[in-house]
Amino acid sequence: MMKQTVFYSHHQEVLLKNLFVSHAGDSLITVVQNHNRYKLLADFDQTNVILHEIKAGSSVWLTPDPKFPRYMEYYTLLEGELILHCGEEGDTHLSAGDSFYTTGLECDVSIFPQTDLKLLCFSSKPLFSDFMAFVNDLNDLNGQIDRKDHYTFNHSRRVARFALELANRMHIPSDTKHHLLLAALYHDVGKCYMPQELLNKPSQLTPEEYETVRHHPIDSYNLLKKRFPIEVAEIARSHHERLDGSGYPNQLTGDKMPPEVRIISVADTFDAMTSDRPYKKGKPTRLAMDELYTLTNQYDRSVLDVLRCMVEDGTADAICRMSEEELDMSDIT
């Protein structure tokens, strides 16, 4: 689950009217989220000054804001090194002393810390309050899943682990991999609208019940598109699609399924086959792998080949055996 701690402190010293002093370490608000710290240093007339203290290996991104089509967001790197990924424009390597800014993004920009970072931001919009609202939304999504069905909560985290490992081994581009990771974590959030008795029903579903279940990817899409880049919502919506068109909700065929959708469909199915439920025991990973190879009309053979390597080297079994603490995604989200 996303981990967030908020500290409120007003240590600014007023020297004169409209002149304020903060001492080293002071901030108006500090948010600790997934081992990273975000400190609001100054806030006036919708202008924010924020210090980002970000751990190496974290995923951070800038995204367009339809509420503020024109604004300035300026970043200067005080400590560390990062890679700025700008989609088809490629990567830019920045180190301490370098800076970048935007006056209104039209697409997502990913930031990949190569070391621990201190990144100072000056924003002409209320960026910090937007950030806190975003994190609260994620915590709300996690809470909805966990309250509705604890199995689904842990299943989603295992699917994210499988999907991330597959994406790494298949050399999926960084921005796509980040979209895939978020989609995997929240692909089943639409199940919060399903009746409780359907979530773990041991007997066969009726046609009417099956139609209800089939709607959850659409509900997930509708929830996620308000919070994430549209690519995240689209991947989540497609996690039950199959290459031969037998999936749902849109009966996509292989030519309409990009690699990230092929990966999440395999990861989701594999975890469902290998995890224990109240009414069935999970299958051994090798047996599940053999069964998936009989379904290459539905699942991408290249993804299955990589998953087989994960089974053979023990990675898949290690993910299946992870405790709830080990499944926590705070080190990589």
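Computed quantities for the displayed model
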quantity	calculated
Filtered residue count, region 191-224, keeping only those that are within 21 Å of residue 278 (Cα to Cα), surrounded by fewer than 14 Cβ atoms within 10 Å (Cβ to Cβ), modelled with pLDDT of 90 or more and not hydroxyl-bearing (Ser, Thr, Tyr)	0
Of all residues making up region 298-327, the number that are surrounded by 12 or more Cβ atoms within 10 Å (Cβ to Cβ) and in a loop (DSSP other than H, G, I, E, B)	4
Test: residue in region 215-223 that is within 30 Å of residue 317 (Cα to Cα), in contact (Cβ under 8 Å) with a residue 12 or more places away in the chain, among the hydroxyl-bearing types (Ser, Thr, Tyr) and in contact with a strand residue (DSSP E or B) (Cβ under 6 Å, 6 or more places away or on another chain)	no
Region 265-285, residues that are surrounded by 14 or more Cβ atoms within 10 Å (Cβ to Cβ) and either in contact with a Phe, Trp or Tyr (Cβ under 7 Å, 6 or more places away or on another chain) or in contact (Cβ under 8 Å) with a residue 24 or more places away in the chain (or both)	265, 266, 267, 268, 269, 270, 271, 272, 274, 275, 282, 285
Positions within region 237-275 being assigned to a helix (DSSP H, G or I) and among the hydrophobic types (A, V, I, L, M, F, W, C), in sequence order	261, 263, 264, 266, 267, 270, 272, 273
Residue within region 128-139 that is among the hydroxyl-bearing types (Ser, Thr, Tyr) and within 16 Å of the chain's Cα centre (by Cα) present	no
For residue 120: the one exception among (1) in contact with a Pro (Cβ under 8 Å, 6 or more places away or on another chain); (2) part of a strand (DSSP E or B); (3) among the aliphatic types (A, V, I, L, M)	(1)
Complete set of residues in region 225-251 that are surrounded by fewer than 21 Cβ atoms within 10 Å (Cβ to Cβ), within 14 Å of residue 185 (Cα to Cα) and modelled with pLDDT of 95 or more	234
Count - residues of region 34-62 that are assigned to a strand (DSSP E or B), over 16 Å from residue 75 (Cβ atoms) and either within 30 Å of the chain's Cα centre (by Cα) or not hydrophobic (A, V, I, L, M, F, W, C) (or both)	1
For residue 178: the one exception among (1) within 18 Å of the chain's Cα centre (by Cα); (2) modelled with pLDDT of 90 or more	(2)
Selection from region 1-33 of residues that are at pLDDT 80 or above, of a type outside the set (S, T, N, Q) and in a strand (DSSP E or B)	19, 20, 21, 29, 31, 32
Subset of region 86-124 (residues that are touching a His at 6+ places or on another chain (Cβ under 9 Å) and more than 25 Å from residue 43 (Cβ to Cβ))	91, 92, 108, 110, 112, 114
Residue in region 285-296 that is among the hydroxyl-bearing types (Ser, Thr, Tyr), within 25 Å of the chain's Cα centre (by Cα) and at pLDDT 95 or above present	no
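Residue by residue, here is whether (1) of a type in the set (Val, Ile, Thr); (2) modelled with pLDDT under 95 holds:
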site	(1), (2)
274	yes, no
280	no, yes
283	no, no
298	no, no
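The values are calculated or read from the model by the stated rules, or taken from the named source; none is laboratory data. Please read these numbers as outputs of a predicted model, since none were measured by experiment. Quick reminder, even Gly has a Cβ in these numbers, built from the backbone with ideal geometry, and neighbours come from all protein chains shown.
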